[in-house]
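Inspection log for the structure reproduced underneath, given as structure tokens.
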Amino acid sequence: MELLQNVVQRRLLEVVQRLLDVEVVIGLQGPRSVGKSTLLRTIASDAGVEVLDLDDLVVREEAQRDPSLFVGGAAPVCIDEYQRVPIILDAIKAELNRLQRPGRFLLTGSTRYGALPEAAQALTGRLHLVTVRPFSQGEIAGVRENFVEAVMVDPASVVTSRRSTLGRVDYINRVTTGGLPMVLQRREQDRARWIDDYVTQTLDRDLRELAKIRQRTLMPRLLERLASQTGQILNIAAASSSVGLEARTGENYTRLLEAVFLIERLPAWGTTVRARAGSAPKVHVLDTAIAARLLRLTPTKLAALQPSALTQFGHLMETFVVGELLKQISWSDSVSDYGHWRTFDGDEVDIILERDDGAVVAIEVKSSRRIAGSDLAGLRKLKDALGPRFLGGIALYAGERSYTHEASIHVAPIDQLWTHLQ
């Protein structure tokens, strides 16, 4: 992929601007260096207000001394990295008790709000959270994606005459580049160093602010073990044991890694569906460039036609596709619930998208150039279990053409995610 040269227009910008008309407090949460501050400053500039940057030491010290001084300005009051001074949330609550109206506050944070100490969660019930994810492939290319919106109406719309021109190497490059702005702006040989520094600083700085960690030196190793499970059922006990942590401590540390947006759990969906579905979540590294680096998987290694490389690429590709879908979900109103589906018999579907009316679109991800009938077993099993609720199934693969394989089950190239235009 070429270096990112142009300013990327965030799809979330229009979402946040719309929310300012109805929500009192909006919190933009997401990993460091994902572009939250840029998004915040864009909105602040349009509104003609300043940004209170709590990453600035001088501003932070002043806010700690007199938080109420900073929350009474013109709306929207824009506060960057609010978790650096949690007491400011109490000041916002007091201000809202005096005057509450839509668009009053816009905050950003690099820690999940729910992971803050309970005493700091002063705005529960008044805060609308929006997760800012790495750039989508469409945002990078300047394309307005509509894959999720289209398939939630008609999954068969993926079947078009268009042929994909992307090959295995193209997908490998996209997966190992990810969507973090600072990675996109660097050449391949410079990215590994930046990612190493990013992970180290996140573990050392953000986790120190969030919790006291007795075995801090084991956190990088635990993160690597969890990264090796990306796209798979989360097994905290195995990851913890492999680095010498007790299971309970490993669970606590895993939640901290989620809190700073290095990993995330994809919940199990449909545990009440008749086909005996499991309840264990899958784990995904939030950005595939970080996942590849943690696993020391370079484009050259992934391109090797060896069993281990094929398996690793398959897991990374699933994480990549799930991430792209979640980005589109974040600015779409067409999906009310999502998760992965896996039965105790071993049938599975990588991600399920559900509408408000209960209708479901099921998506399976394959990194191969061809789809065999056996690759669709999970989609068929779910179709039988759901009956009329099953809107359609889609197998996304690295091949070049789209087609209907059988009734209600379709096959399409992975790049339909960002080229699917009606």
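Determine, yes or no, whether LEU207 is within 18 Å of the chain's Cα centre (by Cα), in contact (Cβ under 8 Å) with a residue 24 or more places away in the chain and assigned to a helix (DSSP H, G or I). Criteria not met by LEU207.
Entry remark, region 340-370: residues being surrounded by 20 or more Cβ atoms within 10 Å (Cβ to Cβ) and not charged (D, E, K, R) number 12 in total. Against the conditions (1) crowded, with 22+ Cβ neighbours inside 10 Å; (2) on the phi > 0 side of the Ramachandran plot, ARG296 satisfies every one except (1). When you look at PHE320, is it over 15 Å from the mean Cα position of the chain (by Cα), aromatic (Phe, Trp, Tyr) and assigned by TED's automatic domain parsing to the domain that holds LEU382, yes or no? No, not satisfied.
Just the residues that are in contact with a Phe, Trp or Tyr (Cβ under 9 Å, 6 or more places away or on another chain) and either among the charged types (D, E, K, R) or at negative phi (or both), please, taken from region 35-78.
The answer is LEU52, LEU54, VAL59, GLU62, ALA63, VAL71, ALA75, PRO76, VAL77, CYS78.
If you go through region 389-414 and keep only what is under 23 Å from TYR171 (Cα atoms), crowded, with 20+ Cβ neighbours inside 10 Å and in contact (Cβ under 8 Å) with a residue 40 or more places away in the chain, you end up with GLY393, ILE394, LEU396, ALA398, GLY399, SER402, HIS410, VAL411, ALA412, PRO413, ILE414. Among the residues of region 142-166, those that are β-branched (Val, Ile, Thr) and in contact with a Ser or Thr (Cβ under 9 Å, 6 or more places away or on another chain) comprise VAL143, VAL148, VAL151, VAL153, VAL158, VAL159, THR160.
Scan region 281-312 for residues that are hydrophobic (A, V, I, L, M, F, W, C) and under 23 Å from the mean Cα position of the chain (by Cα) and jot them down. Residues satisfying the conditions are VAL283, VAL285, LEU286, ALA289, ILE290, ALA291, ALA292, LEU294, LEU295, LEU297, LEU302. Of all residues in region 71-94, those that are crowded, with 20+ Cβ neighbours inside 10 Å and in contact with a strand residue (DSSP E or B) (Cβ under 8 Å, 6 or more places away or on another chain) total 11.
Within region 236-250, not a single residue is touching a strand residue (DSSP E or B) at 6+ places or on another chain (Cβ under 8 Å) and polar (S, T, N, Q). Residue count for region 95-143 satisfying the condition of being surrounded by 14 or more Cβ atoms within 10 Å (Cβ to Cβ), of a type in the set (Ser, Thr, Tyr) and modelled with pLDDT under 95: 3. Where strands (runs of 3 or more DSSP E) fall entirely within region 4-96, those with at least 1 residues that are free of Cβ contacts under 8 Å to residues at least 40 places away in the same chain and closer than 13 Å to LEU106 by Cα are at 51-53, 77-80.
Could you tell me whether ALA304 is more than 24 Å from GLY167 (Cα to Cα), hydrophobic (A, V, I, L, M, F, W, C) and surrounded by fewer than 23 Cβ atoms within 10 Å (Cβ to Cβ)?
no
Any residue that is in contact with a Cys (Cβ under 9 Å, 6 or more places away or on another chain) and modelled with pLDDT of 95 or more - is there at least one of those in region 27-41? Within region 27-41, one or more residues are in contact with a Cys (Cβ under 9 Å, 6 or more places away or on another chain) and modelled with pLDDT of 95 or more. Only one of the numbered conditions (1) farther than 19 Å from ILE414 by Cβ; (2) of a type in the set (A, V, I, L, M, F, W, C); (3) not in a loop (DSSP other than H, G, I, E, B) is not met by VAL153, and that is (3).
What is the residue count in region 348-388 for residues that are within 20 Å of LEU316 (Cα to Cα) and either without any contact (Cβ under 8 Å) to a residue 24 or more places away in the chain or not in a strand (DSSP E or B) (or both)? Looking only at that region, the number is 9. Taken residue by residue, region 213-228 has at least one member that is assigned to a loop (DSSP other than H, G, I, E, B), crowded, with 16+ Cβ neighbours inside 10 Å, at pLDDT below 95 and out of contact with any Lys or Arg (no Cβ under 9 Å at 6 or more places or on another chain).
The values are calculated or read from the model by the stated rules, or taken from the named source; none is laboratory data. Keep in mind that what you see is a predicted model, and the values were worked out from it rather than measured. No Cβ is skipped: glycine too gets one built from the backbone with ideal geometry, and neighbour counts run over all protein chains shown.
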